[in-house]
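> Can you keep this structure in mind? I'll have questions shortly.
The values are calculated or read from the model by the stated rules, or taken from the named source; none is laboratory data. Keep in mind that this is a model prediction, so the values were computed, not measured. Here the Cβ is made from the backbone with ideal geometry for all residues, glycine too, and neighbour counts use every protein chain on show. The accessibility values were calculated without ligands, DNA or RNA, using every heavy atom of the protein model including side chains. Shrake-Rupley method; radii C 1.70, N 1.55, O 1.52, S 1.80 Å.
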Amino acid sequence: QVQLVESGGGLVQPGGSLRLSCAASGFAFRGKTMSWYRQAPGKERELVATMTSSGSMINIADSVKGRFTISRDNAKNTVYLQMNSLKPEDTAVYYCYAPAYGSWGQGTQVTVSS
């Protein structure tokens with residue numbers, strides 16, 4: 001059974017940083033592409049970043065380029081999203097997604113506010 005568990009969200013001031021984690025289980029994580037999405041209140045869920053099994057970062061949203069970085073640790077079955085220079089418009093629920101299985105995590109709330 002595919003399971004994705006996000007953590008690391010919280011309240012942060014503008015300009016601050018957070019690192020989100022997504023612990024994966026129930027499948028061969030090493031060989032699978034992983035993605036982060038986010039959904040702000042009243043908006044559609046949007047793709048933030050994708051990382052292939054080989055560690056290539058692709059499909060990073062223009063709105064977060066230069067500020068967010070996706071990475072993975074295959075030994076820990078975990079994918080990360082490092083978020084720097086956070087802005088109020090980054091406020092959203094952030095979701096981990098395994099495209100090969102169509103599986104989502106439960107999401108973690110990120111709120112950027114002073």
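> Those residues that are in contact with a strand residue (DSSP E or B) (Cβ under 8 Å, 6 or more places away or on another chain), at pLDDT below 95 and not hydrophobic (A, V, I, L, M, F, W, C), I need them from segment 51-68; list them, please.
Across segment 51-68, the qualifying residues are THR52, GLY55, ASN59.
> Scan segment 1-24 for residues that are among the polar types (S, T, N, Q) and either surrounded by 14 or more Cβ atoms within 10 Å (Cβ to Cβ) or in a strand (DSSP E or B) (or both) and jot them down. Break it down into steps so the answer makes sense when it comes.
So in segment 1-24, the residues among the polar types (S, T, N, Q) come out as 1, 3, 7, 13, 17, 21.
Residues satisfying the conditions are GLN3, SER7, SER21.
> Next up: How do the strands (runs of 3 or more DSSP E) wholly within segment 25-79 filter down when requiring 2 or more residues that are at positive phi and of a type in the set (A, V, I, L, M, F, W, C): which remain?
Passing ranges: none, list empty.
> Out of the residues in segment 57-82 meeting the condition of being more than 24 Å from GLY15 (Cα to Cα) and without any contact (Cβ under 8 Å) to a residue 24 or more places away in the chain, tell me which one is least open to solvent (accessible area, probe 1.4 Å).
ASP73
> Right, next: Going by what's in this entry, would SER85 be described as over 10 Å from the mean Cα position of the chain (by Cα), surrounded by 15 or more Cβ atoms within 10 Å (Cβ to Cβ) and assigned to a loop (DSSP other than H, G, I, E, B)?
Details: over 10 Å from the mean Cα position of the chain (by Cα): yes; surrounded by 15 or more Cβ atoms within 10 Å (Cβ to Cβ): no; assigned to a loop (DSSP other than H, G, I, E, B): yes.
Considered against the rule, which asks whether it is over 10 Å from the mean Cα position of the chain (by Cα), surrounded by 15 or more Cβ atoms within 10 Å (Cβ to Cβ) and assigned to a loop (DSSP other than H, G, I, E, B), SER85 comes out as no.
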